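The values are calculated or read from the model by the stated rules, or taken from the named source; none is laboratory data. All figures in this text were calculated on a predicted structure; none of them were measured in a lab. We place every Cβ from the backbone using ideal geometry, glycine too, and count neighbours over all the protein chains shown. Heavy atoms of the whole protein, side chains included, go into the accessibility calculation; ligands, DNA and RNA do not. Shrake-Rupley method; radii C 1.70, N 1.55, O 1.52, S 1.80 Å.
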Amino acid sequence: MNGFNEAEWLAKLNSPKHRSAAFGRIVQEYQQPIYWHIRKMVLNHDDANDVMQTTFMKAWSALDSFRGESKISTWLFRIAVNETITFLNSQRNKNSYSTDDIESSMAQNLEADPYFSGDEAQLKFQKAIMKLPDKQRLVFNMKYFDDLKYEEMEEILGTSVGALKASYHHAVKKIEAYLLSEI
Amino acid sequence: MNSNFDKRNPFTVPDGYFEDFAAKMASMTQTSMPSLPWYKKTKSWVAIAATLSGVLIGAKLLMPVEMASKTVAQQHSVEESYILNQMDEASLANYLCSTDAEGQTSNK
(Lines give C-alpha, C1' and ligand atoms only; values in the text may rest on other atoms or scores of the structure.)
Protein backbone atom coordinates (compact mmCIF):
# COMPACT_ATOMS: atom_id res chain seq x y z
CA MET A 1 0.00 0.00 0.00
CA ASN A 2 2.83 2.35 -0.92
CA GLY A 3 2.11 5.99 -1.60
CA PHE A 4 -1.46 5.84 -0.38
CA ASN A 5 -2.18 8.74 1.92
CA GLU A 6 -5.49 7.90 3.58
CA ALA A 7 -6.13 11.45 4.89
CA GLU A 8 -5.56 12.93 1.45
CA TRP A 9 -8.03 10.58 -0.26
CA LEU A 10 -10.52 10.98 2.54
CA ALA A 11 -10.49 14.76 1.98
CA LYS A 12 -11.00 14.20 -1.75
CA LEU A 13 -14.00 11.96 -1.04
CA ASN A 14 -15.71 15.00 0.52
CA SER A 15 -15.21 17.10 -2.56
CA PRO A 16 -17.94 16.64 -5.23
CA LYS A 17 -15.37 17.36 -7.94
CA HIS A 18 -12.92 14.64 -6.85
CA ARG A 19 -15.30 12.18 -5.23
CA SER A 20 -15.57 9.63 -8.04
CA ALA A 21 -11.83 9.65 -8.77
CA ALA A 22 -11.00 9.33 -5.06
CA PHE A 23 -13.33 6.37 -4.69
CA GLY A 24 -11.71 4.76 -7.75
CA ARG A 25 -8.32 5.11 -6.06
CA ILE A 26 -9.69 3.54 -2.89
CA VAL A 27 -11.09 0.61 -4.90
CA GLN A 28 -7.67 0.08 -6.48
CA GLU A 29 -5.99 0.21 -3.08
CA TYR A 30 -8.27 -2.16 -1.19
CA GLN A 31 -9.86 -4.45 -3.78
CA GLN A 32 -7.28 -7.20 -3.35
CA PRO A 33 -7.38 -7.62 0.46
CA ILE A 34 -11.18 -7.31 0.36
CA TYR A 35 -11.46 -9.84 -2.47
CA TRP A 36 -9.22 -12.44 -0.82
CA HIS A 37 -11.04 -12.05 2.44
CA ILE A 38 -14.41 -12.67 0.74
CA ARG A 39 -13.04 -15.43 -1.49
CA LYS A 40 -11.75 -17.47 1.46
CA MET A 41 -15.25 -17.38 2.89
CA VAL A 42 -17.41 -18.03 -0.19
CA LEU A 43 -14.67 -20.05 -2.00
CA ASN A 44 -16.05 -19.59 -5.52
CA HIS A 45 -14.66 -16.79 -7.71
CA ASP A 46 -18.00 -15.70 -9.24
CA ASP A 47 -19.63 -15.47 -5.82
CA ALA A 48 -16.64 -13.54 -4.44
CA ASN A 49 -16.88 -11.15 -7.38
CA ASP A 50 -20.61 -10.55 -6.72
CA VAL A 51 -20.09 -10.00 -2.99
CA MET A 52 -17.16 -7.63 -3.59
CA GLN A 53 -19.16 -5.62 -6.12
CA THR A 54 -22.03 -5.29 -3.62
CA THR A 55 -19.52 -4.31 -0.92
CA PHE A 56 -18.04 -1.44 -2.93
CA MET A 57 -21.42 -0.25 -4.23
CA LYS A 58 -22.77 -0.16 -0.67
CA ALA A 59 -19.70 1.76 0.44
CA TRP A 60 -20.19 4.19 -2.44
CA SER A 61 -23.83 4.85 -1.63
CA ALA A 62 -23.10 5.13 2.12
CA LEU A 63 -20.11 7.47 1.79
CA ASP A 64 -21.95 10.23 3.65
CA SER A 65 -22.33 8.04 6.71
CA PHE A 66 -18.57 7.45 6.83
CA ARG A 67 -17.20 10.11 9.18
CA GLY A 68 -13.59 8.99 9.16
CA GLU A 69 -13.72 7.76 12.75
CA SER A 70 -12.16 4.47 11.65
CA LYS A 71 -9.71 3.69 8.86
CA ILE A 72 -11.20 3.31 5.37
CA SER A 73 -9.93 -0.28 5.27
CA THR A 74 -11.68 -1.10 8.58
CA TRP A 75 -14.94 0.38 7.28
CA LEU A 76 -14.68 -1.56 3.99
CA PHE A 77 -13.83 -4.81 5.79
CA ARG A 78 -16.86 -4.32 8.04
CA ILE A 79 -19.15 -3.96 5.01
CA ALA A 80 -17.47 -6.93 3.33
CA VAL A 81 -17.95 -9.12 6.42
CA ASN A 82 -21.65 -8.20 6.63
CA GLU A 83 -22.19 -8.82 2.93
CA THR A 84 -20.36 -12.16 3.10
CA ILE A 85 -22.44 -13.38 6.05
CA THR A 86 -25.64 -12.18 4.33
CA PHE A 87 -24.60 -14.04 1.16
CA LEU A 88 -23.81 -17.30 3.01
CA ASN A 89 -27.11 -17.14 4.92
CA SER A 90 -29.08 -16.46 1.75
CA GLN A 91 -27.38 -19.42 0.05
CA ARG A 92 -28.43 -21.67 2.92
CA ASN A 93 -32.00 -20.36 2.95
CA LYS A 94 -32.33 -20.57 -0.84
CA ASN A 95 -31.19 -24.16 -1.06
CA SER A 96 -32.59 -25.26 2.32
CA TYR A 97 -29.81 -27.81 2.57
CA SER A 98 -28.40 -29.10 5.84
CA THR A 99 -24.99 -27.78 6.95
CA ASP A 100 -23.38 -31.11 5.99
CA ASP A 101 -24.88 -30.97 2.49
CA ILE A 102 -23.57 -27.46 2.00
CA GLU A 103 -20.10 -28.44 3.21
CA SER A 104 -19.89 -31.42 0.87
CA SER A 105 -21.22 -29.35 -2.04
CA MET A 106 -18.67 -26.59 -1.33
CA ALA A 107 -15.89 -29.18 -1.14
CA GLN A 108 -16.91 -30.70 -4.48
CA ASN A 109 -17.09 -27.26 -6.08
CA LEU A 110 -13.65 -26.44 -4.75
CA GLU A 111 -12.16 -29.61 -6.25
CA ALA A 112 -13.64 -28.74 -9.64
CA ASP A 113 -12.84 -25.00 -9.43
CA PRO A 114 -10.46 -23.92 -12.22
CA TYR A 115 -9.36 -21.04 -9.96
CA PHE A 116 -8.22 -23.29 -7.14
CA SER A 117 -4.59 -24.22 -7.57
CA GLY A 118 -3.97 -25.84 -4.18
CA ASP A 119 -2.49 -29.32 -3.80
CA GLU A 120 -4.14 -32.21 -1.96
CA ALA A 121 -2.89 -31.01 1.43
CA GLN A 122 -4.23 -27.51 0.85
CA LEU A 123 -7.57 -28.92 -0.28
CA LYS A 124 -7.77 -30.96 2.92
CA PHE A 125 -6.90 -27.84 4.92
CA GLN A 126 -9.69 -25.87 3.20
CA LYS A 127 -12.13 -28.71 3.92
CA ALA A 128 -11.15 -28.54 7.60
CA ILE A 129 -11.76 -24.78 7.64
CA MET A 130 -15.16 -25.31 5.97
CA LYS A 131 -16.25 -27.35 8.98
CA LEU A 132 -16.07 -24.28 11.20
CA PRO A 133 -19.10 -22.08 11.87
CA ASP A 134 -19.08 -18.87 9.75
CA LYS A 135 -18.00 -16.49 12.52
CA GLN A 136 -15.20 -18.81 13.64
CA ARG A 137 -14.10 -19.23 10.02
CA LEU A 138 -13.97 -15.45 9.69
CA VAL A 139 -11.82 -15.14 12.80
CA PHE A 140 -9.52 -17.97 11.71
CA ASN A 141 -9.02 -16.57 8.18
CA MET A 142 -8.41 -13.03 9.41
CA LYS A 143 -5.79 -14.17 11.90
CA TYR A 144 -4.13 -17.05 10.05
CA PHE A 145 -4.15 -15.84 6.44
CA ASP A 146 -4.66 -12.07 6.62
CA ASP A 147 -2.42 -11.76 9.70
CA LEU A 148 -4.62 -9.06 11.22
CA LYS A 149 -4.08 -7.91 14.79
CA TYR A 150 -6.76 -8.83 17.31
CA GLU A 151 -7.36 -5.11 17.92
CA GLU A 152 -8.10 -4.56 14.20
CA MET A 153 -10.38 -7.61 14.18
CA GLU A 154 -12.18 -6.25 17.23
CA GLU A 155 -12.93 -3.03 15.36
CA ILE A 156 -14.15 -4.87 12.26
CA LEU A 157 -16.18 -7.62 13.93
CA GLY A 158 -17.29 -5.77 17.07
CA THR A 159 -16.13 -8.69 19.23
CA SER A 160 -13.79 -8.31 22.22
CA VAL A 161 -10.13 -9.31 21.92
CA GLY A 162 -10.62 -11.99 24.59
CA ALA A 163 -13.52 -13.58 22.72
CA LEU A 164 -11.57 -13.44 19.44
CA LYS A 165 -8.55 -15.17 21.01
CA ALA A 166 -10.80 -17.89 22.41
CA SER A 167 -12.56 -18.29 19.05
CA TYR A 168 -9.24 -18.60 17.20
CA HIS A 169 -7.93 -21.10 19.74
CA HIS A 170 -11.06 -23.29 19.34
CA ALA A 171 -10.85 -23.03 15.55
CA VAL A 172 -7.23 -24.25 15.55
CA LYS A 173 -8.13 -27.18 17.83
CA LYS A 174 -11.05 -28.20 15.58
CA ILE A 175 -8.91 -28.00 12.42
CA GLU A 176 -6.14 -30.07 14.01
CA ALA A 177 -8.67 -32.67 15.17
CA TYR A 178 -10.20 -32.89 11.66
CA LEU A 179 -6.81 -33.23 9.99
CA LEU A 180 -5.71 -35.94 12.42
CA SER A 181 -8.93 -37.85 11.77
CA GLU A 182 -8.26 -37.72 8.01
CA ILE A 183 -4.78 -39.30 8.22
CA MET B 1 -0.42 -25.66 13.42
CA ASN B 2 1.04 -28.28 11.07
CA SER B 3 3.94 -26.80 9.10
CA ASN B 4 2.60 -28.45 5.90
CA PHE B 5 -0.23 -25.95 5.97
CA ASP B 6 1.56 -22.80 5.09
CA LYS B 7 -0.12 -19.53 4.36
CA ARG B 8 0.21 -19.76 0.58
CA ASN B 9 -2.96 -18.68 -1.16
CA PRO B 10 -4.41 -21.68 -3.02
CA PHE B 11 -6.98 -19.54 -4.86
CA THR B 12 -6.44 -17.73 -8.15
CA VAL B 13 -8.40 -15.24 -10.27
CA PRO B 14 -8.89 -14.87 -14.04
CA ASP B 15 -6.15 -12.88 -15.79
CA GLY B 16 -6.59 -9.12 -15.51
CA TYR B 17 -9.45 -9.55 -13.05
CA PHE B 18 -8.47 -6.73 -10.67
CA GLU B 19 -7.79 -4.24 -13.48
CA ASP B 20 -11.20 -5.05 -14.99
CA PHE B 21 -12.93 -4.81 -11.63
CA ALA B 22 -11.48 -1.37 -10.89
CA ALA B 23 -12.54 -0.13 -14.36
CA LYS B 24 -16.04 -1.59 -13.90
CA MET B 25 -16.42 0.10 -10.52
CA ALA B 26 -15.23 3.41 -11.98
CA SER B 27 -17.94 3.31 -14.67
CA MET B 28 -20.59 2.25 -12.14
CA THR B 29 -19.79 5.06 -9.71
CA GLN B 30 -19.80 7.62 -12.52
CA THR B 31 -23.37 6.69 -13.49
CA SER B 32 -24.70 6.58 -9.92
CA MET B 33 -23.42 9.58 -8.00
CA PRO B 34 -24.51 9.58 -4.37
CA SER B 35 -25.91 13.01 -3.50
CA LEU B 36 -23.78 15.01 -1.11
CA PRO B 37 -25.55 16.58 1.88
CA TRP B 38 -25.81 20.41 1.71
CA TYR B 39 -23.19 20.90 4.42
CA LYS B 40 -20.63 19.02 2.34
CA LYS B 41 -21.51 20.86 -0.87
CA THR B 42 -21.03 24.32 0.61
CA LYS B 43 -17.71 25.59 1.89
CA SER B 44 -17.31 25.28 5.64
CA TRP B 45 -17.15 29.05 6.32
CA VAL B 46 -20.45 29.55 4.45
CA ALA B 47 -22.05 26.80 6.56
CA ILE B 48 -20.72 28.35 9.80
CA ALA B 49 -21.95 31.84 8.78
CA ALA B 50 -25.40 30.45 7.88
CA THR B 51 -25.68 28.62 11.21
CA LEU B 52 -24.62 31.70 13.20
CA SER B 53 -27.11 33.91 11.33
CA GLY B 54 -29.86 31.42 12.10
CA VAL B 55 -29.00 31.42 15.80
CA LEU B 56 -28.91 35.25 15.94
CA ILE B 57 -32.21 35.70 14.06
CA GLY B 58 -33.87 33.05 16.22
CA ALA B 59 -32.61 34.73 19.38
CA LYS B 60 -33.86 38.13 18.21
CA LEU B 61 -37.32 36.78 17.37
CA LEU B 62 -37.80 34.81 20.57
CA MET B 63 -36.20 37.10 23.19
CA PRO B 64 -38.58 40.14 23.09
CA VAL B 65 -41.70 37.94 23.49
CA GLU B 66 -40.29 36.13 26.48
CA MET B 67 -38.94 39.32 28.09
CA ALA B 68 -42.24 41.25 27.52
CA SER B 69 -44.35 38.52 29.13
CA LYS B 70 -41.98 38.44 32.12
CA THR B 71 -42.16 42.28 32.52
CA VAL B 72 -46.00 42.40 32.45
CA ALA B 73 -46.29 39.65 35.06
CA GLN B 74 -43.74 41.38 37.30
CA GLN B 75 -45.60 44.75 36.93
CA HIS B 76 -48.99 43.17 37.89
CA SER B 77 -47.49 41.62 40.98
CA VAL B 78 -45.96 44.97 42.13
CA GLU B 79 -49.28 46.85 41.60
CA GLU B 80 -51.28 44.22 43.50
CA SER B 81 -49.04 44.29 46.55
CA TYR B 82 -49.01 48.14 46.50
CA ILE B 83 -52.86 48.32 46.53
CA LEU B 84 -53.20 45.70 49.27
CA ASN B 85 -50.66 47.54 51.41
CA GLN B 86 -52.64 50.79 51.09
CA MET B 87 -55.95 49.28 52.40
CA ASP B 88 -56.73 48.66 56.07
CA GLU B 89 -58.57 45.50 57.10
CA ALA B 90 -61.98 47.24 57.59
CA SER B 91 -61.93 48.81 54.13
CA LEU B 92 -60.98 45.48 52.61
CA ALA B 93 -63.89 43.74 54.46
CA ASN B 94 -66.36 46.44 53.35
CA TYR B 95 -65.17 46.22 49.80
CA LEU B 96 -65.53 42.41 49.75
CA CYS B 97 -69.04 42.59 51.35
CA SER B 98 -70.26 45.19 48.85
CA THR B 99 -68.94 43.12 45.92
CA ASP B 100 -70.68 40.06 47.37
CA ALA B 101 -74.01 41.95 47.85
CA GLU B 102 -73.86 43.33 44.31
CA GLY B 103 -73.33 39.83 43.02
CA GLN B 104 -76.39 38.50 44.91
CA THR B 105 -78.66 41.37 43.69
CA SER B 106 -77.71 40.85 40.10
CA ASN B 107 -78.39 37.11 40.48
CA LYS B 108 -82.00 37.84 41.48
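Structural remarks
- Cα-Cα over 24 Å, subset of A:Lys71/A:Lys94; A:Lys12/A:Lys135; A:Lys131/B:Lys24; A:Lys127/B:Lys7; A:Lys58/A:Lys165; A:Lys12/A:Lys149: A:Lys71/A:Lys94; A:Lys12/A:Lys135; A:Lys131/B:Lys24; A:Lys58/A:Lys165; A:Lys12/A:Lys149
- When you filter the trypsin sites (Lys or Arg not before Pro) in region A:1-47 for DSSP loop state and at most 11 other Cβ atoms inside 10 Å of their Cβ, you are left with A:Lys17.
- Solvent-accessible surface (1.4 angstrom probe) belonging to A:Val27, in square angstrom, nearest 10: 0
- Remark: region A:8-113 is approximated by an ellipsoid whose semi-axes, taken from the C-alpha gyration tensor as √(5λ), come to 32, 13, 10 Å, largest first.
- Cα gyration tensor category, rounded, prolate or oblate, for chain A with a/c compared to 1.5: prolate
- When only Cα pairs below 8 angstrom with a gap of at least 6 residues are kept, region A:1-117 shows a relative contact order of 24 percent.
- Cα gyration tensor, region A:119-183 - rounded (a/c under 1.5), prolate or oblate: prolate
- Summing Cβ point charges (Lys, Arg +1; Asp, Glu -1) relative to the Cα centre of region A:1-117 gives a dipole of roughly 640 debye.
- When the charge dipole of region A:41-118 is built from unit charges on Cβ atoms (+1 for Lys and Arg, -1 for Asp and Glu) and taken about the Cα centre, the candidate among A:Met52, A:Met106, A:Phe77 whose Cα reaches farthest toward its positive end is A:Phe77.
- Heavy-atom accessible surface of A:His169, to the nearest 10 Å², is about 100 Å², with a 1.4 Å probe and all protein chains retained.
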